[in-house]
Amino acid sequence: MTIAILGGGLAGLSAAYYLKREGGIEKNQSIQIIEASDHTGGWIQSWKDENTNVISELGPRTIRGRGKSANNTFSLIKDLGIEDLVRNVGIDASARYIFANGNIHQLPMSVWKALFTVNQPFTKPWIYYVLRECFSSNNSKDKLSDVQNNDESAYDFFCRTFGQEFADYLISPLLCGVCGGNAKQMSVKFMFGALYEAERKHGTVGLGLLKEQLSSIWNREKVKDTKGTNTVKPPPSVYYLDGGLQRLIHALDIENESQGIHTNLNTQCTELHFYENGNGARIGFSNGKQLECAHVISALPAHKLASLFHVKSQHSTLTQLLTSIPMVSIATVNLTYDDPKVMGPYKGFGVLSSPLEKLSLLGIIFNNYIYGHSDRVDLTVMMGGYGFKEHFVKNSKCLSEEKLADTAVGHVKRVLDIQSKPNTYSTQILNDCIPQYTVGHYERVTKIQEYINVRRLPLTLVGSSYAGISVNDVIYASMTAMRKLCR
């Protein structure tokens, strides 16, 4: 019998890799990856301009190197033999900017500067917000009891704890850049789990984080005493792969193929039917063929998986739960300028736009500084997100390549004061590309998993719809899901 993996993106490829590595396949079983498009990797696609050697990315371009999931990704990269492709982001890519109140502002790069000096667009030093949170009347037991055990929006959480400026000028732009999301809808429990737990356990975020940090340091010291110095080389704090992140996809493809895992491209699933009592499943394809399988691993976005169940089937409840996880679309425009002087004083990773500006702009990424290029300017303008329909769908003319480019150039002029025209541009529309972890997301995912478990469906869910959008999140979720499946 076959174990079928629906979706050949990063989640599906990682699931296949870990399933084989964990020994979850019996001798008479095979693994097949089913991919509707003509390529693997999903949104991770990289290409090089042969004239300028500029690498462009359709989706993510960097990987963070701190934390348990980041260590797992780096271990995967080493196991695949592509550690030599790892590159630190450019030395000039450390600064971050916020566009608010019609001006661009650099976020403080020093903790002490952030705490004890006023950095616009904020009107007070950050120590004010920290002390406000620790001693605010909002942290009284009566008020906290109403929210500590429930989810709330990230915006409401940070307004309540650190104040409205913090929510407007830091959290809202951050969520626009990370996931194209509206802070007034996104779950603080999911997006800022450590802060949520710190307040829930200790009464305030600041004191809670301090206690957790001290406890973590104490535990690390005890581990050092018992195991000696850890000599494993950690990954860079932020890095990319030489040639683009598609090199990771290519390495997974090669490894999976060498392990006998077959990938079926241009294969569109149209139906998924589960037999009773967990006795396998049947997948229907657009060409009329069918595949009988022992287990299904879905790496599809939740709404696409839902579309495979017939409306009148016994799984209408599961369908409703899956479709309750919303998605947003992103328009990206890559702009290149031959003259590096057009950037003026701005060096860094990029700039995020405050939603208070009411622009279609989410942020602008400074690719030339990320990749360490000094002879030109290479920008990626991200637009849309939760406001995609309002800014683009209502006026279909805005979706033409020329109009998208004009809109992006207008944002660059407004934010970075680059008045010259770009030498080259390219546009992409990523429809329904990013799931939104809105208030109650944990509860929705729990209900989905309970439905699968109670009915003993031979179904495992992986992918960004459930456990996080970053490269690290997706790979780590696939790894943990496959270990659980193998057990």
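What to note about this one:
- Residue-wise HN-Hα couplings along region 47-64, as the Karplus relation 6.51 cos²θ - 1.76 cosθ + 1.60 with θ = phi - 60° gives them from phi, are 8, 10, 6, 5, 7, 10, 6, 6, 8, 10, 10, 6, x, x, 10, 10, 10, 7 Hz; Gly and Pro carry x.
- The apolar share of the surface of the chain, taken as the fraction of accessible area on carbon and sulfur atoms (1.4 Å probe, ligands and nucleic acids excluded), comes to 50 percent.
- Mean separation of Cα contacts under 8 Å (6+ apart) over length of region 85-141, as relative contact order %: 18 percent
- Total formal charge among the other residues, if their Cβ is under 14 angstrom from that of GLY288, Lys/Arg +1 and Asp/Glu -1: +1
- Segment ASP79-VAL118, extension gain: residue separation times 0.36 nm, minus the distance between their alpha carbons: 9.4 nm
- Between the alpha-carbon centres of region 347-373 and region 1-71 there is a gap of 27 Å.
- Based on Cα contacts under 8 Å between residues 6+ apart, the chain shows a relative contact order of 25 percent.
- Spin-label pair ASN453-ASP417: with each label point 7 Å from Cα along the Cα-Cβ axis, the two points sit 5.8 nm from one another.
- Area accessible to solvent at VAL130, 1.4 Å probe radius, in Å²: 50 Å²
- Built amide H within the under 5 Å cut-off of THR270, gap 5+: GLY284, PHE285, SER286
- Sorted peptide list for 329-342, 415-428, 174-187, criterion being average Cβ within 10 angstrom, highest first: 174-187, 329-342, 415-428
- Each label was represented as a point 7 Å from its Cα along the Cα-to-Cβ direction; for ASN101 and GLN320 these points are 4.8 nm apart.
- Using the 1.4 Å probe convention, the accessible area of the chain works out to 49 Å² per residue with neighbouring protein chains retained.
- Per-pair calculated FRET efficiency, R0 = 25 Å: ALA194 and GLU443 via Cβ, rounded to 0.05: 0.85
- Annotation for region 110-128 versus region 409-483: alpha-carbon center distance of 32 Å.
- Shown are GLU50, GLU57, whose ranking by accessible area with a 1.4 Å probe and every protein chain present, most to least, is GLU50, GLU57.
- Only protein heavy atoms count here; under a 1.4 Å probe, TRP126 has an accessible surface of about 50 Å².
- Each residue was assigned an accessible area with a 1.4 Å probe, and for ILE429 the value is about 60 Å².
- Solvent-accessible ranking of GLU401, GLU22, largest area first, probe 1.4 Å: GLU401, GLU22
- Ranking MET382, MET479, MET109 by solvent-accessible area of protein heavy atoms (1.4 Å probe, all protein chains present), from largest to smallest, gives MET109, MET382, MET479.
- Given LYS189/LYS447; LYS20/LYS233; LYS347/LYS403, the pairs whose alpha carbons are separated by over 20 Å: LYS20/LYS233; LYS347/LYS403
- Relative packing of 1-14, 197-210, which averages over residues the other C-beta atoms within 10 Å, highest first: 1-14, 197-210
- Computed extension gain for ASP338 through ASN28, at 0.36 nm per residue and net of the alpha carbon distance, reaches 105.8 nm.
The values are calculated or read from the model by the stated rules, or taken from the named source; none is laboratory data. Here the structure is a predicted model, which is why all the values come from computation and not from measurement. A quick note on method: Cβ atoms are made from the backbone with ideal geometry, for glycine too, and the neighbour counts reach across all protein chains shown. Remember, those area values only see protein heavy atoms, side chains included, never the ligands or the DNA or RNA. Shrake-Rupley method; radii C 1.70, N 1.55, O 1.52, S 1.80 Å.
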